[in-house]
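Peer 1: Please read through the structure below; I'll follow up with questions.
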Amino acid sequence: MDSLIRTFSNAQSSRDGYQLAQTLSPDLPQQQLQAIWKSCGHHDAQNVIKRGIQNSTSGFEKLPKDEVQGWSDVYLAYWKAIGELLPALNQAPQSSWTKVYDAWKELLSALYRGYIGQGFEAWSIPCLYVVAKNLRFFALKADEERNNNVAAGDTSGQIFQDDFDPESEQNQKLEDCARQLNRIFTLCLNDRAPLEESRKWGIYYIINLLFKTYFKLNSASLSKNILKTLSAYRGDMPPLSAFPKSQQVTFKYYEGVLCFLEENYFQAEEHLTQAWSLCHKDAMKNKELILTYLVPCHLLTTHTLPSQKLLEPYPRLQKLFLPLSNCIKKGELHAFDLALQQGEDEFVKRRIYLTLERGRDIALRNLLRKVFIAGGFEESKVEGGPRVRRTRIPVAEFAAAISLGSKQMLETDEIECLMANMIYKNLMKGYIARERGFVVLSKSGAFPGTGV
Amino acid sequence: MASTQPKNDAKSTEPKPEQPVTEKKTAVLEEDDEFEDFPVDDWEAEDTEAAKGNNEAKHLWEESWDDDDTSDDFSAQLKEELKKVEAAKKR
C-alpha cells in the first residue's frame with residue numbers, strides 16, 4: 001500500500017493521469033496483489049489509507065479535504081476488491097467472479113462520486129478507463145462462471161422468478177456493466193468545465209467500451225443511441241482527430257460496422273476506410289476485422305474486389321473471400337452459389353452473408369458482359385470509321401450463358417426478369433425488345449464502369 | 001481458472017495451483033470478433049497503415065471483372081454455347 005500511495009503522490013504532483021491509473025490496476029503479478037492486500041487489515045484499512053492519502057501531498061499541492069476523503073474511499077474500495085480478486089484467481093472455496101465484479105463495481109462508484117462531488121480533476125480520467133475496462137472484464141468472467149455452474153447443475157444462489165428469461169440471465173453482469181458504463185458516459189458528456197480541463201476527453205474511450213459491451217449483448221441498436229446522443233453534443237466536443245489514434249480507430253471501426261448492419265454501405269465504407277488508414281500497421285487482428293467488413297462494402301459500392309496482395313497477410317480472409325471473388329470475376333453463378341453455401345456459417349456469424357449474397361449481381365453482370373464482348377464488332381457504316389460493338393444481342397445468347405453459368409435451364413421469362421433487374425440496378429444499360437427477342441444495349445457504356 | 005476448466009470442474013472447491021494474472025486475458029480474447037485493445041495509446045502517422053501503403057494503395061483493390069477470358073475452361077465453354085445459339089438461329 002505504501003508504494004501505491006507513493007505513486008499516487010507522484011502522479012498527483014505531476015498531474016499524470018496514466019501514472020495515477022496504474023495504481024488502480026488489477027492486472028499485477030499475484031505477489032504484488034498479495035502485498036497490497038496484506039498491507040492492512042479489516043480493522044485498520046480505512047485509517048491507514050486515509051492517513052496515507054492525507055500525508056501524500058503537502059504545501060501548495062495539498063489536497064482539499066473533500067478530495068482526500070474521495071481518494072481514500074477509492075483506495076479502500078480497491079483494497080477490498082483485491083481481497084475478492086486474489087481468492088478468485090486461486091479458485092479458493094467461497095470465491096467467485098461475481099463477488100469480484102460487485103467489489104469492483106464499488107470501486108467504480110467511488111470514482112464516480114469523486115468526480116461528481118469531491119472535486120476529482122479531469123486529468124485523472126485514465127483512472128476511469130482502467131477501472132471501467134476491468135469492470136467489463138470481470139462481468140464477462142462472472143457470467144461465464146455462473147453459466148458454467150448452471151450447466152453443471154449447481155443452481156444454488158440462483159433465484160428463479162416467474163419472468164425467468166434465460167437469455168438475459170446469461171448476461172446478467174454484463175448488462176449491469178453496460179448500465180454502469182452508461183453512467184460514466186453521461187458523467188463525461190455532461191461536464192461543463194472548459195474543454196482543456198473537461199472530462200469530455202474521456203468520452204471516446206468510454207464509448208468504445210460501451211460498443212464492445214453492446215455488441216456482445218447483441219444490441220447494436222443501443223450503440224446507435226450512443227451515436228445519436230453524441231451527435232447532439234458534437235458542437236461542444238473536441239474533434240475526434242484530437243484523440244489518441246487507438247481511440248479513433250476503434251470508434252471508426254464500430255461506427256462503420258453499425259452503418260454496415262443498417263445496409264448503409266457508402267457511409268460504412270467511409271468510416272471503415274478511415275479506421276483502416278489510421279490503424280497501426282502491426283495490429284494484424286484489428287486490420288483483419290476492419291477488412292472483414294470493408295471487403296463486402298467495396299464489392300457493393302465500387303464493385304471492386306480485394307487483390308491477392310491485400311489479402312496476402314490474412315489467411316483467414318483469403319479463405320473467406322477468395323473463392324467468392326474468383327467466381328464473381330469469371331461470372332460463374334453456380335460456383336458462386338456453392339462458395340456462398342460453403343462459407344455460410346462463417347458469413348452469418350460475421351454478419352456479412354446478406355451483403356455477400358448481393359455479390360451475385362456482380363457475377364451475373366460479368367457473365368452478361370462476356371456475352372457482349374464475345375459478340376464482337378459490327379462493320380462500321382463509314383469506311384475506316386470507329387469500330388462499334390454489336391449492341392443488338394439475342395436474348396437466346398444471354399439465356400445460353402446464364403444456363404451455363406448457373407448450371408440450370410431457365411425459362412425465357414426468368415431470363416428476361418434477370419436482365420430487367422440488371423438494367424434497373426444500373427449494372428447494364430439498354431432495353432429489352434421482347435417481341436423481337438433482342439436486348440438492345442447502350443452504344444456508350446453498356447456495362448457502366450467496366451470500360452465497355 | 002474456472003473458465004478454462006471443463007464444465008464439471010468449474011465449481012470444484014479444490015484450490016488450484018497459482019496462475020499468473022496475465023493468463024486470464026486469453027480466456028476472453030478467444031472471442032475473435034472483438035476489436036482488440038491496441039498495445040499503445042497513440043502512434044505517429046508513419047506507423048499507420050496509410051503511410052505504409054502509399055505507393056501500393058492502388059494495387060489493393062482490383063476490378064471485379066476479368067477480361068482475360070480466353071484462358072479458362074468456362075470462357076471456352078461459353079463461346080461454344082454462343083456458337084450453338086448462332087448456328088440454331090441461322091438454320
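Peer 1: About the Cα centre of the protein assembly as shown, what is the dipole size in debye to 20, counting +1 per Lys and Arg Cβ and -1 per Asp and Glu Cβ, all else neutral?
Peer 2: That gives a dipole near 1040 debye.
Peer 1: OK, next. Which is farthest toward the positive dipole end of the protein assembly as shown among A:Gly437, A:Gln318, A:Phe336, measuring Cα position about the Cα centre, with Cβ charges +1 (Lys, Arg) and -1 (Asp, Glu)?
Peer 2: The Cα lying farthest towards the positive end belongs to A:Gly437.
Peer 1: May I ask you to derive the FRET efficiency for B:Ala76 and A:Arg358 from their Cβ-Cβ distance with R0 = 51 Å, giving the value to the nearest 0.05?
Peer 2: About 0.95, to the nearest 0.05.
Peer 1: While we're looking at this one, here's another question. Based on the alpha-carbon gyration tensor of region A:197-295 and its eigenvalue square roots a ≥ b ≥ c, which shape applies: rounded if a/c is under 1.5, prolate if not and a/b is larger than b/c, or oblate?
Peer 2: Oblate, because a/c is 1.5 or more while a/b does not exceed b/c.
Peer 1: At each listed q (0.10, 0.12 Å⁻¹), what is the log10 of I(q)/I(0) that the Debye formula gives for chain A modelled as equal alpha-carbon point scatterers?
Peer 2: Log10 I(q)/I(0), no solvent term: -0.86, -1.07.
Peer 1: Then there's this: Which order do A:Asp191, B:Asp33 fall in if you start with the one that has the fewest other Cβ atoms within 10 Å?
Peer 2: Taking fewest neighbouring Cβ atoms as first place, the list is B:Asp33, A:Asp191.
Peer 1: Measuring from label point to label point, each 7 Å out along Cα→Cβ, what is the A:Lys65 to A:Asp282 span in nm?
Peer 2: Going by the 7 Å Cα→Cβ label model, 5.1 nm.
Peer 1: I would also like to ask the following. Return the average number of partner chain Cβ atoms within 10 angstrom of each residue Cβ along peptide A:204-217.
Peer 2: If you average over the peptide's residues, the count of other-chain Cβ atoms is 1.
Peer 1: Simple spin-label model, 7 Å along Cα-to-Cβ: A:Glu379 to A:Arg192 in nm?
Peer 2: Once both label points are built, they end up 8.7 nm from each other.
Peer 1: Any chance you could give the angle, 0 to 90 degrees and rounded to 10, that helix A:333-342 forms with the longest Cα principal axis of chain A?
Peer 2: 20 degrees
Peer 1: Given H placed on each backbone N at 1.01 Å, which residues far from A:Gly430 in sequence or on other chains put an amide H within less than 5 Å of it?
Peer 2: Those lying under 5 Å, H to H, from A:Gly430 are A:Ser442.
Peer 1: Give the order of A:Thr186, A:Thr391 when sorted by the count of other beta carbons within 10 angstrom, beginning with the fewest.
Peer 2: Neighbour counts put them in this order, fewest first: A:Thr186, A:Thr391.
Peer 1: Taking other Cβ within 10 Å of each residue's Cβ, how do A:Ile49, A:Ile415 sort, fewest first?
Peer 2: Fewest to most other Cβ atoms nearby, the residues stand as A:Ile415, A:Ile49.
Peer 1: Could you tell me how many degrees, from 0 to 90 and to the nearest 10, lie between the Cα long axis of helix A:395-406 and the main elongation axis, the longest principal axis, of the Cα atoms of chain A?
Peer 2: For helix A:395-406, the angle is close to 40 degrees.
Peer 1: Now for a separate question. Does anyone have the angle between helix A:203-216 and the longest principal axis of chain A? Alpha-carbon axes, 0 to 90°, nearest 10?
Peer 2: 70 degrees
Peer 1: Now, a different point. Among A:Ser72, A:Phe260, A:Ala374, whose Cα projects farthest towards the positive end of the dipole of chain A, with charges put on the beta-carbon of Lys, Arg (+1) and Asp, Glu (-1)?
Peer 2: With unit charges placed on the Cβ atoms, the residue in question is A:Ala374.
Peer 1: Right, something else. A:Gln170 to A:Arg183: extension gain in nm, 0.36 nm per residue of separation minus the Cα-Cα distance?
Peer 2: Difference between extended and current length: 2.5 nm.
Peer 1: Here are some pairs, A:Lys80/A:Lys245; A:Lys105/A:Lys252; A:Lys133/A:Lys285; A:Lys216/A:Lys287; which of them have Cα atoms lying more than 23 Å apart in this structure?
Peer 2: With Cα atoms farther than 23 Å apart: A:Lys80/A:Lys245; A:Lys105/A:Lys252.
Peer 1: Assuming 0.36 nm per residue, please report the length gained on full extension of the stretch A:Ser241 to A:Arg316 beyond their Cα-Cα distance.
Peer 2: Length gained between A:Ser241 and A:Arg316: 23.9 nm.
Peer 1: Place a +1 charge on the Cβ of each Lys and Arg in region A:363-452 and a -1 charge on the Cβ of each Asp and Glu, then give the dipole magnitude about the Cα centre in debye, rounded to the nearest 20.
Peer 2: For this selection, approximately 360 debye.
Peer 1: Along the charge dipole of chain A, Cβ charges K/R +1 and D/E -1, which of A:Leu217, A:Ala420, A:Pro87 sits furthest on the positive end?
Peer 2: In chain A, that residue is A:Ala420.
Peer 1: What relative contact order, as a whole-number percentage, does region A:1-129 give when Cα pairs under 8 Å and 6 or more residues apart are counted?
Peer 2: This gives 33 percent for region A:1-129.
Peer 1: Label points 7 Å out from Cα along the Cβ direction at A:Gln30 and A:Ser219: separation in nm?
Peer 2: 3.7 nm
Peer 1: Work out how much length A:Arg234 to A:Ser442 would gain on full extension: take 0.36 nm times their residue separation and subtract the Cα-Cα distance, in nm to one decimal.
Peer 2: Roughly 70.2 nm would be gained on extension.
Every read-out reported here was derived from the displayed coordinates using simple, explicitly stated rules and does not represent laboratory data. Note that this is a predicted model, so its numbers are computed, not measured. FYI the Cβ positions are ideal-geometry reconstructions off the backbone, even for glycines, and counts take in every protein chain you see.
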